[in-house]
Amino acid sequence: MDDEDLIPLSALQHFLYCPRQCALIHLEQQWAENRLTAEGRLLHHRSDTPQAERRRGVRTVTAMPLLSLELGITGKADVMEFHRTNDGERAFPVEYKRGRPKSHRADEVQLCAQALCLEAMLGQPVHAGALFYGQTRRRKDVLFDSALRALTLSTIAQTRAMLASGVTPTARYEPKRCDACSLIGICQPRLLGHRSIRDWLQLQLREEKA
């Protein structure tokens with residue numbers, strides 16, 4: 001698989017949160033920052049620097065590259081812990097997120113995709129990981145059970161199909177989701193979610209002539 005065909009792990013989280021957001025970022029290369037994304041960037045500052053250390057029998061690697069050619073996904077783990085066991089070391093991925101645990105499973109799918117990459121790279125099963133949320137300052141343990149693995153594989157397939165189509169989904173305004181999105185000014189869900197593209201273009205022309 002060529003590098004350009006590999007799906008970033010972050011795209012899976014974006015797709016489950018909002019397929020249109022995923023397309024704007026990964027198809028149209030659009031990005032904008034708000035307070036929430038800035039806070040997330042600061043939270044990731046330390047984990048974005050590759051380094052390794054060992055404390056109390058746990059080897060910790062930050063910004064570890066991940067890849068599964070079979071699944072066509074790539075990215076990096078914020079923090080990878082390797083715990084000593086009788087059979088060697090057991091990988092335990094940890095993903096950093098701002099905010100708090102969410103009702104949807106987008107964060108869990110992104111973490112599970114990391115585990116699938118690890119299994120391909122290390123040739124050993126990865127049973128669990130954790131999500132660290134900046135607002136609660138706590139870890140949420142995640143078990144990579146059959147249901148989460150199936151959801152992750154389905155999300156990979158759906159994300160790949162959308163990106164391969166080259167088509168950005170239409171806007172649909174949902175206040176709780178859209179108002180927190182840094183791309184709301186680019187996406188224009190309030191406007192495009194209730195108007196046809198033709199109506200929107202006519203409005204833009206009228207505003208330019210005014």
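The values are calculated or read from the model by the stated rules, or taken from the named source; none is laboratory data. The shown structure was predicted, so the numbers you read here are calculated from the model rather than taken from an experiment. Glycine gets a Cβ as well: all are built from the backbone with ideal geometry, and neighbour counts include every protein chain shown.
Per-structure values
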| read-out | value |
| --- | --- |
| Residue that is modelled with the lowest pLDDT [pool: residues in the stretch 165-203 that are loosely packed, with under 10 Cβ neighbours inside 10 Å and more than 22 Å from the chain's Cα centre (by Cα)] | ILE197 |
| Residue pairs meeting the criteria (Cβ under 8 Å; at least 6 apart or on separate chains; first touching a residue at least 60 places away in the same chain (Cβ under 8 Å) and assigned by TED's automatic domain parsing to the domain that holds HIS104, in the stretch 130-153; second assigned to a strand (DSSP E or B) and surrounded by 12 or more Cβ atoms within 10 Å (Cβ to Cβ)) | GLY134/TYR96; GLY134/LYS97 |
| The one condition in (1) of a type in the set (Val, Ile, Thr); (2) touching a Pro at 6+ places or on another chain (Cβ under 8 Å); (3) within 15 Å of LEU16 (Cα to Cα) that THR136 fails to fulfil | (3) |
| Selection status of GLU53, surrounded by 18 or more Cβ atoms within 10 Å (Cβ to Cβ), part of a strand (DSSP E or B) and among the charged types (D, E, K, R) | no |
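The rows are residues; the columns are (1) in contact with a Ser or Thr (Cβ under 7 Å, 6 or more places away or on another chain); (2) touching a residue at least 24 places away in the same chain (Cβ under 8 Å).
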position: ARG100; (1), (2): yes, yes
position: HIS104; (1), (2): no, yes
position: ALA113; (1), (2): yes, yes
position: GLY123; (1), (2): no, no
position: VAL126; (1), (2): no, yes
position: ARG160; (1), (2): no, yes
position: LYS176; (1), (2): no, no
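Okay, residues lined up against (1) at pLDDT below 85; (2) in contact with a Leu (Cβ under 9 Å, 6 or more places away or on another chain); (3) among the aliphatic types (A, V, I, L, M):
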residue: CYS22; (1), (2), (3): no, yes, no
residue: ALA32; (1), (2), (3): yes, yes, yes
residue: GLU39; (1), (2), (3): yes, no, no
residue: ARG46; (1), (2), (3): yes, no, no
residue: THR62; (1), (2), (3): no, no, no
residue: ASP87; (1), (2), (3): yes, no, no
